[in-house]
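Visitor: First, the structure itself, so that you have it in front of you.
The values are calculated or read from the model by the stated rules, or taken from the named source; none is laboratory data. Keep in mind the model is a prediction, meaning the values are calculated, not measured. Cβ placement follows ideal geometry from the backbone for every residue including glycine, while neighbour counts extend to all protein chains displayed.
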Amino acid sequence: MTIPQENLIGVWAQLAIFISLLVLLPVLEYFFYRRKSGHKAKRWFNNISLIVTSTISAQLVFPFATVGLAMWTNAHGVGLFQYLSLSSGVKIILCLVLLDFAIYWQHRFFHIFPWLWRMHRVHHSDLEFDASLGVRFHPFEIVLSKAYKLGWIVLLGPHVMAVTLYECLLLSFSLMTHGNIRLPLKLDAMLRLVFVTPDFHRVHHSVHRVETNSNYGNILSLWDHLFGSYQAQPRDGHEAMQIGLHEFRTAPEQTLGALLIQPFRNVNTLPDDQHA
């Protein structure tokens with residue numbers, strides 16, 4: 001079977017971004033760190049192993065890519081954008097915004113519904129905050145995330161370039177906004193008016209559940225402002241705040257095997273701020 005050129009471009013672009021940022025961000029974290037952190041080697045191995053496992057799982061369940069499905073919707077006239085008389089540029093921008101809106105709500109759903117939270121808490125149970133956390137997701141979450149995105153692609157019928165760009169942006173921002181990087185406060189204040197920054201997103205990984213249930217944005221900060229989930233700063237400060245979940249703080253619970261079985265463990269970590 002011949003793989004469409006657009007699919008290959010998207011795959012190689014994401015791989016190039018993934019490798020480049022995993023090389024660049026640790027260097028920036030070393031020289032411009034926001035918080036002091038412990039040894040990284042084992043954490044990075046576990047987190048990257050988790051995303052490799054998750055990616056393979058998603059590919060096995062849904063062997064076709066989001067870009068491939070976008071090509072199919074365009075070829076068969078499926079989706080909202082097939083019926084709108086707009087220029088390609090406007091369609092691409094509008095698709096990027098709508099896809100980011102969709103992923104904002106996906107993220108929020110993973111906090112609202114207990115069975116989804118069981119999967120997503122693997123991401124939140126990390127005790128450190130750096131670039132590797134941007135790829136620490138359970139295979140079940142990645143599979144559901146891909147299914148959710150595929151559904152939106154069928155609904156929208158987006159331009160193929162929009163899907164390729166959004167997948168690249170989503171990966172880039174996931175790595176960058178989890179970076180342990182200190183931005184000048186004035187620059188952070190300006191950027192967060194539009195985009196998610198590391199300081200903006202770090203609040204979301206606080207042990208205090210009122211903060212965990214805030215700042216869900218992935219690329220655009222707009223959605224948190226619009227839907228009342230914006231939290232400007234952590235109450236304990238960025239340097240002193242505790243990252244992670246109270247229920248998963250021992251070394252054995254941070255191993256790859258423990259992370260894979262964590263969703264099956266009957267541990268109550270639902271947002272109630274009882275430990276605050």
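Visitor: Working only within the range 111-167, note down all residues that are crowded, with 21+ Cβ neighbours inside 10 Å, hydrophobic (A, V, I, L, M, F, W, C) and within 23 Å of LEU22 (Cα to Cα).
Guide: VAL122, PHE129, ALA131, LEU133, VAL135, PHE137, ILE142, VAL163
Visitor: Here's a follow-up. Using beta carbons and a limit of 8 Å, which pairs, at least six apart or on different chains, have the first residue in the range 198-214 and of a type in the set (Asp, Glu) and the second one modelled with pLDDT of 95 or more and in a loop (DSSP other than H, G, I, E, B)?
Guide: Final answer for the pair search is ASP199/LEU183; ASP199/ARG192; ASP199/GLN233; ASP199/HIS238; GLU211/GLN231; GLU211/PRO234; GLU211/ARG235.
Visitor: Considering the range 131-156 alone, what residues qualify as being farther than 19 Å from LEU169 by Cα and outside any helix (DSSP H, G or I)?
Guide: Of everything in the range 131-156, just one residue is farther than 19 Å from LEU169 by Cα and outside any helix (DSSP H, G or I), namely HIS138.
Visitor: Tally time: how many residues in the range 15-28 are more than 15 Å from SER174 (Cβ to Cβ) and buried (at least 16 other Cβ atoms within 10 Å of the Cβ)?
Guide: Total satisfying the criteria: 2.
Residue-by-condition table, conditions (1) under 17 Å from the mean Cα position of the chain (by Cα); (2) among the small types (Gly, Ala, Ser); (3) modelled with pLDDT of 95 or more; (4) closer than 27 Å to LEU21 by Cα:
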position: ASN180; (1), (2), (3), (4): yes, no, yes, yes
position: LEU193; (1), (2), (3), (4): no, no, yes, yes
position: TYR216; (1), (2), (3), (4): yes, no, yes, yes
position: ASN268; (1), (2), (3), (4): no, no, no, no
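Visitor: From the list GLU128, GLU167, exactly one residue is among the charged types (D, E, K, R), part of a helix (DSSP H, G or I) and either touching a helix residue (DSSP H, G or I) at 6+ places or on another chain (Cβ under 9 Å) or farther than 30 Å from GLU239 by Cβ (or both). Which is it?
Guide: Just a single option satisfies the conditions, and that option is GLU167.
Visitor: When both residues are 6+ apart or on different chains and their Cβ atoms are under 9 Å apart, which pairs have a first residue that lies in the range 92-119 and is over 30 Å from ILE261 (Cβ atoms), and a second that is of a type in the set (Lys, Arg)?
Guide: Pairs that qualify, where the first residue is over 30 Å from ILE261 (Cβ atoms) and the partner is of a type in the set (Lys, Arg), are LEU99/LYS149.
Visitor: Could you list, in sequence order, the residues of the range 170-184 that are assigned to a helix (DSSP H, G or I) and touching a helix residue (DSSP H, G or I) at 6+ places or on another chain (Cβ under 6 Å)?
Guide: Scanning the range 170-184 gives LEU171, SER172, SER174, LEU175.
Visitor: Next question, about the same structure. Give the residues of the range 38-63 that are in a loop (DSSP other than H, G, I, E, B) and without any contact (Cβ under 8 Å) to a residue 40 or more places away in the chain, sorted by residue number.
Guide: Of everything in the range 38-63, those that are in a loop (DSSP other than H, G, I, E, B) and without any contact (Cβ under 8 Å) to a residue 40 or more places away in the chain turn out to be HIS39, PRO63.
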